[in-house]
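S.K.: Can you read through this structure? Questions will come right after.
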Protein chains: 2
Amino acid sequence: MLTPLRKGSDYHHGDLRDAVIQVARDLVANEGVSSLGIRRVALRVNVTPAALYRHFESLEQLRGEVSGRVRNEMAEMMILAREKVGPATLSKTRSRARFSAIGDAYVAYARKFPRLFEIAFLTCDALPETEESLAWRTLEESLEELINSGLLERRKSLKAATLAWSSIHGLASLVASQTISNKEYPLFRKSVLDGVQDAVFAR
Amino acid sequence: MLTPLRKGSDYHHGDLRDAVIQVARDLVANEGVSSLGIRRVALRVNVTPAALYRHFESLEQLRGEVSGRVRNEMAEMMILAREKVGPATLSKTRSRARFSAIGDAYVAYARKFPRLFEIAFLTCDALPETEESLAWRTLEESLEELINSGLLERRKSLKAATLAWSSIHGLASLVASQTISNKEYPLFRKSVLDGVQDAVFAR
DNA sequence: CAATAATGTAAACAATGTTAACACCTCTTC
DNA sequence: GAAGAGGTGTTAACATTGTTTACATTATTG
């Protein structure tokens, strides 16, 4: 099904909903979550405010939709970064590098788009379907690689995953909220990465 | 200076600003950050909306003020929990318990008041004075105790602090945003605490 | 081709943040 | 103590917001 997008006339947009979410995402990225509004988005999509209510029940739900899209975006960045170091093999250094890559991508995203990271983990009264997080699955895959290459014992795997996620997420969150500055960041980064590696790779 | 609160008449409130912040805090705690509003707060304080503008420049600034108050509240909880295990001594087990206590209090707060934890680390365009965080100072004090009781090398101290804060904050943040459920929490908690201790107390 | 569903518009509503002009209280100062 | 000055509250208005209702247009399906 190729994108019809705009047929004959202009009355029907053709792909609102997706356009709305995209514009809303950009709005949040640039001006923060509190400036996300039905009318502002409607203006930028060249559509009447009421039109949005054909696709979203409320502003709250739109917020949830944006949140979900951002979480997916983050996971895609992680996967991309992981692929960039090379395909999965049984090599210890390879799987270790791929593991680091997804953690780095996680906090890199928070540094690059702090407002988006913010909305991604905002408590939304109305979030989309609660599919299991793609990011979490990606982390599990990487841990599986570590196990297969003999770097991680399977019985430690779950513990490693939860610690890794918590500390990486904490670092990302502190950076995004500007609780730690750019100057302090390198130290935090090193501490967290070392700590995770110490805990994951028993020495 | 004892609380004058209400003098002769009712025209002047006597201690608005503080009352406003308190009511705003409770509003956020119960109904979430997005339902914090000038008019809603004004109603509950029995005051005209415009009155708030004698004490706050904007809603945004009030949000920042609430955020600051919550951060202080968290730090006070941490200090309280630490005192509860007993006063500081040179005992290894004592200082270790006091150290754990502040971390536990941190995430306990996030579990008990997720909405407040949320606003505490929201990027606020207008935050109060950027005094060094009380929570951070509390963490540093505990690490000093660990050093003094011979549990932690001084040169590792800063690294320990950053790792501890990141992972504890990450755990708290994931809990508050309901990214991890109450059922998953115990596992996460154990992983993070063990990970921190492994990294802080070289074995 | 006609009927029906989907998707847009237009106009109104209540509620919001914010401001300006005014009222009341408290406090200093002669 | 009276007078005035500054702080603190009220009232009324404004623009903007989320949301709903009634209607218009297009797309789809029998």
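The values are calculated or read from the model by the stated rules, or taken from the named source; none is laboratory data. Predicted model, so just to flag it, every value in this text is computed and none were measured. Please note: Cβ atoms are built from the backbone with ideal geometry, for glycine as well, and neighbour counts cover all protein chains shown. Note: areas computed on protein heavy atoms with side chains; ligands, DNA, RNA excluded. Shrake-Rupley method; radii C 1.70, N 1.55, O 1.52, S 1.80 Å.
S.K.: Suppose R0 equals 41 Å; then what is the FRET efficiency for B:Glu73 and A:Glu76 from their Cβ-Cβ distance, rounded to the nearest 0.05?
M.R.: So the FRET efficiency works out to roughly 0.60.
S.K.: Additional query: Using a label point 7 angstrom from Cα along Cα-to-C-beta, what distances in nm, from shortest up, separate B:Asn182 from the other copies?
M.R.: Listed shortest first, these distances are 4.3 nm.
S.K.: Put the label 7 Å from Cα along Cα→Cβ for A:Leu43; what are its distances to the other copies, in nanometres, shortest first?
M.R.: The answer, with the shortest distance listed first, is 2.8 nm.
S.K.: Given 37 °C and 0.692 mPa s, how large is the Stokes-Einstein diffusion coefficient of chain A in µm²/s, with Rh as the Kirkwood radius over Cα pairs?
M.R.: After rounding, the answer is 175 µm²/s.
S.K.: At A:Pro87, label 7 Å along Cα→Cβ: distances to the other copies, nm, ascending?
M.R.: Taking the point 7 Å beyond Cα along Cα→Cβ, the inter-copy spacings are 6.7 nm.
S.K.: Taking both sides together, what accessible area is buried at the A/B interface, probe 1.4 Å, expressed in Å² and rounded to the nearest 100?
M.R.: 2800 Å²
S.K.: Out of region B:125-197, which trypsin sites (Lys or Arg not before Pro) are coil in DSSP terms and have no more than 12 other C-beta atoms within 10 Å?
M.R.: B:Lys183
S.K.: Right, something else. Check the straight Cα-Cα distances from B:Lys156 and name the lysines below 22 Å, setting aside those fewer than 8 residues away within the same chain.
M.R.: Here the lysines satisfying the reach criterion relative to B:Lys156 are A:Lys183, A:Lys190, B:Lys92.
S.K.: Still on this model: For chain A, what % of the accessible area comes from carbon and sulfur atoms, probe 1.4 Å?
M.R.: 52 percent
S.K.: Given the protein chains as shown and a 1.4 Å probe, how many square angstrom of B:Tyr109 are accessible, to the nearest 10?
M.R.: Ignoring ligands and nucleic acids, B:Tyr109 comes out at about 10 Å².
S.K.: Mind pulling the angle between the C-alpha long axis of helix A:59-84 and the longest principal axis of chain A? Nearest 10 degrees, somewhere in 0 to 90.
M.R.: Helix A:59-84 sits at roughly 40 degrees to that axis.
S.K.: Round to the nearest 10 and give me the degree value, 0 to 90, for the angle of helix B:157-176's Cα axis relative to the longest principal axis of chain B.
M.R.: The answer is roughly 50 degrees.
S.K.: Taking the axis that carries chain A onto chain B, what is the nearest Cβ in chain A, and at how many Å, to the whole number?
M.R.: Residue plus distance in Å, as requested: A:Gly170, 1.
S.K.: Considering only the other residues whose Cβ falls under 15 Å of the Cβ of A:Arg44, what net charge follows from Lys and Arg at +1 and Asp and Glu at -1?
M.R.: Counting the neighbours of A:Arg44, the net charge comes to 0.
S.K.: Any aspartates and glutamates with Cα under 18 Å of the A:Lys112 Cα? List them, leaving off those in the same chain fewer than 8 positions away.
M.R.: Qualifying aspartates and glutamates at Cα under 18 Å: A:Asp26, A:Glu31, A:Glu73, A:Glu76, A:Asp104, A:Glu184, B:Asp125.
S.K.: Rounded if a/c is under 1.5, else prolate if a/b beats b/c, else oblate: with a ≥ b ≥ c from the C-alpha gyration tensor eigenvalues square-rooted, which is the protein assembly as shown?
M.R.: Since a/c reaches 1.5 but b/c is at least a/b, the shape of the protein assembly as shown is classed as oblate.
S.K.: Still on this structure, I have one more. Starting from the Cα of A:Arg44, step 7 Å along the direction of its Cβ; do the same at A:Gln178; then give the gap between the two resulting points in nm.
M.R.: About 2.0 nm, to one decimal.
S.K.: Heavy atoms only, probe 1.4 angstrom, no DNA, RNA or ligands counted: give me B:Arg17, A:Arg82 ranked by accessible area, highest first.
M.R.: Heavy-atom accessible area, descending, gives B:Arg17, A:Arg82.
S.K.: For A:Leu27, what charge total do you get from the other residues with a beta carbon under 14 Å from its beta carbon, if Lys and Arg give +1 and Asp and Glu give -1?
M.R.: That sum, taken over residues with Cβ under 14 Å, equals +3.
S.K.: In addition: Given a 10 angstrom Cα cut-off, can you work out which residue in A:Glu65, A:Glu184, A:Glu141 is the most mobile in a GNM of chain A?
M.R.: A:Glu184
S.K.: Using all C-alpha to C-alpha distances in region B:13-56, build P(r) with 10 Å bins and read off the rounded percent in each one.
M.R.: Going out from 0 Å in 10 Å bins, region B:13-56 shows 31, 58, 10 percent.
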